[in-house]
1. Output the residue which, of all residues in region 238-275 that are modelled with pLDDT under 95 and out of contact with any Lys or Arg (no Cβ under 7 Å at 6 or more places or on another chain), is farthest from A198 (Cα to Cα).
2. Would you be able to tell me the number of residues in region 224-275 that are of a type in the set (S, T, Y), surrounded by fewer than 20 Cβ atoms within 10 Å (Cβ to Cβ) and more than 21 Å from G51 (Cα to Cα)?
3. Within region 95-121, how many residues are of a type outside the set (A, V, I, L, M) and in a helix (DSSP H, G or I)?
4. For E35, indicate whether it is at pLDDT 95 or above, surrounded by 23 or more Cβ atoms within 10 Å (Cβ to Cβ), of a type in the set (D, E) and out of contact with any Lys or Arg (no Cβ under 7 Å at 6 or more places or on another chain).
5. Being part of a helix (DSSP H, G or I), of a type in the set (V, I, T) and touching a residue at least 12 places away in the same chain (Cβ under 8 Å) is true for just one of V227, V273, V214. Which residue is that?
6. So, in region 45-67, exactly how many residues are aromatic (F, W, Y) and under 27 Å from R16 (Cβ atoms)?
7. What is the residue count in region 184-219 for residues that are modelled with pLDDT of 90 or more and touching a Leu at 6+ places or on another chain (Cβ under 8 Å)?
8. Specify which of the listed residues (Q65, Q80) is within 24 Å of Y179 (Cα to Cα), of a type in the set (S, T, N, Q) and surrounded by 16 or more Cβ atoms within 10 Å (Cβ to Cβ).
Amino acid sequence: MSRIQSVFAALKAQGRKALIPYVMAGDPYPDATVEVLLAMAKAGADVIEFGVPFSDPMADGPVIQAAGERALAKGIGLPQVLEFVRQFRRSNDTTPIVLMGYANPIERYNQRLGEGAFVRDVKAAGVDGVLVVDYPPEECEAFAAQMRAAELDPIFLLAPTSTEARIKDVARIATGFVYYVSLKGVTGSGAIDTRSVADNLPRIREHVKVPVGVGFGIRDAETAKVVGAVSDAVVIGARIVSLLETQTRDNVASAGAAFIAEIRAALDSLKGVPA
């Protein structure tokens, strides 16, 4: 059982919902990135999505796109991302880390270091899962198999527009959890339609048997609580990135932790509520 699967199993036994914050690696301060990750884990993050900077992020809105550009300008690439994870693991060996990004950095990494180098090295660094936005399930079964063989979880996206065939494809090869994108658009693009989320999740759960996390449009404790009532996990990205961007180096970790603690309290008020 992977670290992600163990966390979700423990939360289910406790009747609690998972909180999954997104952090862009190296933004806003590369030398504070690991502090931010550790602070969020201590404040109640159950899994952390760790963004890999990329120059053409098709699913990211202006907030996360700008964060990636800032990180790239500071020299943050996949090797630096893995070093951040290694440093995180020196202090925390329990909170799962999911890399979230795009195919291009992975393909380049394998071209430089040899086929299979990416899976080998993310495993060695302490990564637990990978979500590649532009790896559709029907085109990356071999990659997903490599991931599972290394006890890593391949995470996939579903959306309101996903067909039954696509849902079945994801259900066949996804492990860990599935990320349901609540909005038609990019990250940070609008207010979440909680009724639509509640209506669509049963359709997904007909086929998907791993936990379902919901993201895009969740910005505060109120919306997190509403979404958490019908899902297994709440994913928050753009709101956290925009918060961290406004902080000084000295208080960026504490500000992130305070926000996570607020969302954690809201989700814990749902204890015992079935998804």
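The values are calculated or read from the model by the stated rules, or taken from the named source; none is laboratory data. Just so you know, these numbers come straight off a predicted model, no measurement behind them. Don't worry about glycine lacking a Cβ; one is built from the backbone with ideal geometry, like all the others, and counts go over all protein chains shown.
1. Once the filter is applied, the top-ranked residue is A238.
2. So in region 224-275, the residues of a type in the set (S, T, Y) come out as 231, 242, 246, 248, 254, 269.
Now drop any that are not surrounded by fewer than 20 Cβ atoms within 10 Å (Cβ to Cβ), which leaves 242, 246, 248, 254, 269.
Adding the requirement that they be more than 21 Å from G51 (Cα to Cα) leaves 269.
Of the residues in that region, 1 qualify.
3. First, pick out the residues of region 95-121 that are of a type outside the set (A, V, I, L, M): 95-96, 101-102, 104-105, 107-112, 114-116, 118, 120-121.
Narrowing the set further to residues that are in a helix (DSSP H, G or I) leaves 104-105, 107-112, 118, 120-121.
Within region 95-121, residues that are of a type outside the set (A, V, I, L, M) and in a helix (DSSP H, G or I) number 11.
4. Numbers: at pLDDT 95 or above: yes; surrounded by 23 or more Cβ atoms within 10 Å (Cβ to Cβ): no; of a type in the set (D, E): yes; out of contact with any Lys or Arg (no Cβ under 7 Å at 6 or more places or on another chain): yes.
When the stated conditions are applied, E35 does not pass them.
5. Values: V273 fails: part of a helix (DSSP H, G or I); V214 fails: part of a helix (DSSP H, G or I).
So the residue among V227, V273, V214 that is part of a helix (DSSP H, G or I), of a type in the set (V, I, T) and touching a residue at least 12 places away in the same chain (Cβ under 8 Å) is V227.
6. From region 45-67, those aromatic (F, W, Y) are 50, 54; that's our starting set.
Now drop any that are not under 27 Å from R16 (Cβ atoms), which leaves 50.
Adding up the residues that qualify gives 1.
7. Residues that pass the stated criteria total 4.
8. Working: Q80 fails: within 24 Å of Y179 (Cα to Cα).
After ruling out the rest, the residue left standing is Q65.
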